[in-house]
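Here the structure comes first, spelled out in structure tokens, and everything after it is commentary.
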Amino acid sequence: MGNDIEEAVRSVAQELGYSREEMLRVIVREWLEQNAYLPVLDQNDEGEAGGNP
């Protein structure tokens, strides 16, 4: 990744209290969910898909 992306990821991770790796995992998961590559997880259930698959 470029330095600009690394800096942004580290900055957001620090702001939210995540490690760099946790932040990258969140970013990738959200992108995959928003682009219909993964089912959206229900915030109330751990590991259970919510809504329509």
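Just to be sure before I move on: is Val12 surrounded by 14 or more Cβ atoms within 10 Å (Cβ to Cβ), out of contact with any strand residue (DSSP E or B) (no Cβ under 8 Å at 6 or more places or on another chain) and modelled with pLDDT of 95 or more in the structure I sent? Talk me through it step by step, then tell me what you get.
Details: surrounded by 14 or more Cβ atoms within 10 Å (Cβ to Cβ): yes; out of contact with any strand residue (DSSP E or B) (no Cβ under 8 Å at 6 or more places or on another chain): yes; modelled with pLDDT of 95 or more: yes.
Yes, satisfied.
Give me the pairs: first residue in the stretch 1-29 and not hydrophobic (A, V, I, L, M, F, W, C), second residue not in a helix (DSSP H, G or I), beta-carbon distance under 9 Å, and six or more apart or on different chains, which are they? Final answer for the pair search is Arg25/Tyr18; Arg29/Leu38; Arg29/Leu41.
The values are calculated or read from the model by the stated rules, or taken from the named source; none is laboratory data. No experiment lies behind these values; they were computed from the predicted model shown. Cβ sites come from the backbone with ideal geometry, for glycine too, and all protein chains shown count toward neighbours.
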